[in-house]
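Peer 1: First the structure, which I've put down as structure tokens, then a few questions once you've had a look.
Any read-out appearing in this document is the output of simple, stated calculations on the displayed coordinates, not a laboratory observation. Predicted model, so just to flag it, every value in this text is computed and none were measured. Glycine also receives a Cβ, built like all others from the backbone with ideal geometry; neighbour counts cover every protein chain displayed.
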Amino acid sequence: MSKICVCLLVCACSVFAHPHTFITVSLDLNETDMNVRWLFDEMTSQSLLEDFDADRNGIFSPKETETFQKEVFNDLKQFSFFTHLKVSGKSIPLKPTRLFLWRENNAFGVEFHVDLKPYVHQKKAIGFWDESFLCALSLEKEQIRSSVKYTLKEVDNAYYYGYLLEFL
Amino acid sequence: MMLSTLANTFAQANHSFNTAIAEHFHAIDSGHFQPALLIIVLAFGYGVVHALGPGHGKALVAGYLLANPSKRSHVFQIGFLIALVHTLSALVVTLCAAYLMNVSANRLFRDVNPPLFQLSGGLILLLGCWLVYSVFKERRIASESVAAHTSRFGVVMLAGVVPCPGVITLSFFAITLGHMGIGMVAAFFMSLGMGLSISLAGLLAQSVQASKAIVTQPKWFWAIRFLGALCVVLLGLWFLTHPIPQRAF
């Protein structure tokens, strides 16, 4: 019977995903605005740089940024751009703007802006995770610059993990 | 322990291997032989932890082995062949992308993965239905000595045909740095590591099937076989009805 239990556990473990992309998240935060920055692991970065830094100059022109937005970034809408905003307990569809790409050594960076003005003085929480767990996100307090008080905690989401930032 | 804690541990292990391999690829340029050897060792370890996660055919193998009691040697054969096909499929995508289409492998993977995943799901469903029929037909056989099926090679193809994103990322990274040879060898060793994990999952299923409680109870023996076949059907149905979205990473 114990073998059957172990086998069932292994099968259950097989359901959750394994990441092959690793993203370090950093934030600039105030009551009305949030800038989210992603820095990719080197292997994924290499692939993204090959595809989107067409002229290989390490700087992303508006055209290169637009191509990235069309081919990669927009696909992430169904994953809420790995940034899950809740206002007064209600999920809010994210509408990121001001997409900016950069290269930092061998890493590929993405930055976007989220407008929080419509939700001023409301209870807000922002989750950072990829439900499919193909990407593993990491967010530490040292990577957050904020003029508002907040709490940050790791959260268990059944089969994947993430981070929850709550405004105080 | 929560599953997400386990997921976090796996993710960190994957990240560590990924980062270490990338660093050693840069060190090859220094002209030393040691980084190449380390890449191969790390690639094997990366394969082991990578295949401990979902996919890679473990659930399919477990279901198939519950439905079809197999010899231990066949379990390893299935595990390592799946990993090899999974890797070869990834290498085909990577090489086509890099040398024929002049795009990154991730870009091509984004396009080919969803249809391949669904095709694989449809075929797994067919295999599951055939297993259910086969187990039902053999319901009077009440011992471990069910004849070995050549259908295990079908399982290898179905589980392996979807390219491994981990191998794609690793081999494309090697190509862009001008170390295609080491990249191919590393991909091969990564597949050996994955083969080990898949085989161990298979061995677990096989040991359930061979346990005393099952072997000595004909009804249990048949029930477990039926459960295994049903698992394969459900897995195929799940893949077929839950198409994976198109995304680059």
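Peer 1: Which ³J(HN,Hα) values, rounded to whole Hz and listed in residue order, are derived for region B:186-191 from phi using the Karplus coefficients 6.51, -1.76 and 1.60 in 6.51 cos²θ - 1.76 cosθ + 1.60 with θ = phi - 60°, glycine and proline given as x?
Peer 2: Listing the rounded values in order: 4, 4, 5, 5, 5, 5 Hz.
Peer 1: Considering only region A:14-167, what is the antiparallel percent among its DSSP beta bridges, to the nearest 5?
Peer 2: Roughly 85 percent of the DSSP beta bridges within region A:14-167 come out antiparallel.
Peer 1: Quickly estimate the mean residue ellipticity at 222 nm for chain B, helices only: each DSSP H run with n ≥ 4 gives -39500 (n - 2.57), and the total goes over all residues, rounded to 500.
Peer 2: Dividing the helical sum by the residues of chain B leaves -26000 deg cm²/dmol.
Peer 1: Could you give the dipole magnitude of the protein assembly as shown about its Cα centre, charging the beta-carbon of Lys and Arg +1 and that of Asp and Glu -1, in debye to the nearest 20?
Peer 2: Working: 31 positive and 28 negative charges, 366 e Å.
Rounded to the nearest 20 debye, it is 1760 debye.
Peer 1: Can you run phi through the Karplus equation (6.51, -1.76, 1.60; θ = phi - 60°) for region B:110-122 and list ³J(HN,Hα) in whole Hz, with x for Gly and Pro?
Peer 2: My calculation for region B:110-122 gives 4, 7, 8, 5, x, x, 5, 4, 6, 4, 4, x, x Hz in order.
Peer 1: Here's another thing I want to ask about it. Counting only residues 5 or more places away or on other chains, whose amide H sits under 5 Å from the amide H of A:Val155 once H atoms are built in the peptide plane?
Peer 2: Long-range HN contacts for A:Val155: A:Gly162, A:Tyr163, A:Leu164.
Peer 1: May I pose another question? Considering the options A:Phe79, B:Ile82, B:Val48, tell which one lies farthest towards the positive end of the dipole of the protein assembly as shown, charges being +1 on Lys and Arg and -1 on Asp and Glu at the Cβ, about the Cα centre.
Peer 2: Of the options given, the answer is B:Ile82.
Peer 1: Starting at the first residue of region A:62-70, write each ³J(HN,Hα) from the Karplus equation 6.51 cos²θ - 1.76 cosθ + 1.60 with θ = phi - 60°, in whole Hz, x for Gly and Pro.
Peer 2: Once rounded to whole Hz, the list reads x, 5, 5, 5, 5, 4, 4, 4, 5.
Peer 1: While we're on this one: What is the magnitude of the charge dipole of chain B about its Cα centre, with +1 placed on the Cβ of each Lys and Arg, -1 on the Cβ of each Asp and Glu, and no other charges, expressed in debye to the nearest 20?
Peer 2: 900
Peer 1: Stretched out fully, how many nm does the piece from B:Leu119 to B:Thr9 gain, at 0.36 nm a residue minus the Cα gap? Display every interim value, and only then the final one.
Peer 2: On the way: separation 110, 0.36 × 110 = 39.60 nm, distance 3.19 nm.
Full extension of this stretch gives 36.4 nm more.
Peer 1: Full extension from B:Arg72 to B:Glu23: what is 0.36 nm times the residue separation minus their Cα-Cα distance, to one decimal in nm? Don't skip to the end; give the middle numbers.
Peer 2: Details: separation 49, 0.36 × 49 = 17.64 nm, distance 3.81 nm.
Extra length available between B:Arg72 and B:Glu23 comes to 13.8 nm.
Peer 1: On to the next question. Could you give the longest part of chain A that holds none of the trypsin sites (Lys or Arg not before Pro) found in DSSP loops with at most 14 neighbouring Cβ atoms within 10 Å?
Peer 2: Looking at chain A, A:57-122 is the longest stretch - no exposed trypsin sites (Lys or Arg not before Pro) with at most 14 other Cβ atoms within 10 Å.
Peer 1: Summarise the partner chain shielding of B:201-214 as one whole number: the mean count of Cβ atoms from other chains within 10 Å of each residue's Cβ.
Peer 2: Other-chain Cβ atoms within 10 Å of each residue's Cβ, averaged: 3.
Peer 1: Using the 10 angstrom Cβ neighbour count as an exposure proxy, how do B:Cys96, B:Cys164 rank, fewest first?
Peer 2: Fewest-to-most ranking of B:Cys96, B:Cys164: B:Cys96, B:Cys164.
Peer 1: Shifting gears a bit: To test your reading of the geometry: what angle, between 0 and 90 degrees and rounded to tens, separates the Cα axis of helix B:58-67 from the longest principal axis of chain B?
Peer 2: Around 20 degrees separate the two axes.
Peer 1: Given only helices, namely DSSP H runs of n ≥ 4 each adding -39500 (n - 2.57), what is the per-residue ellipticity at 222 nm of chain A, to the nearest 500 deg cm²/dmol?
Peer 2: -5000 deg cm²/dmol
Peer 1: Show the residues, 5+ positions off or on another chain, whose built amide H is closer than 5 Å to the amide H of A:Phe108.
Peer 2: A:Phe40, A:Ser45
Peer 1: While we're here: As an exercise, use a Förster radius of 30 Å and the Cβ-Cβ distance of A:Glu31 and A:Ser91 to find the FRET efficiency, rounded to the nearest 0.05.
Peer 2: Working from the Cβ atoms, E equals 0.90.
Peer 1: Would you work out which of B:Ile198, B:Pro115, B:Gly178 lies farthest towards the positive end of the dipole of the protein assembly as shown, given +1 charges on the beta-carbon of Lys and Arg and -1 on that of Asp and Glu, about the Cα centre?
Peer 2: It is B:Ile198, whose Cα lies furthest towards the positive end.
Peer 1: Same structure again: Is the C-alpha gyration tensor of chain A telling us rounded, prolate or oblate? Criteria: a/c under 1.5 is rounded; beyond that, a/b larger than b/c is prolate, otherwise oblate.
Peer 2: In terms of gyration-tensor shape, oblate.
Peer 1: So, with +1 on the Cβ of K and R and -1 on the Cβ of D and E, and no other charges, what is the size of the charge dipole of region A:77-168 about its Cα centre, to the nearest 20 debye? Let's see the in-between values first.
Peer 2: Details: 13 positive and 10 negative charges, 105 e Å.
Dipole size: approximately 500 debye.
Peer 1: For B:His242 paired with B:His32, estimate the spin-label separation in nm (one decimal), with each label point 7 Å from Cα along the Cα-to-Cβ line.
Peer 2: Inter-label distance under the simple model: 4.5 nm.
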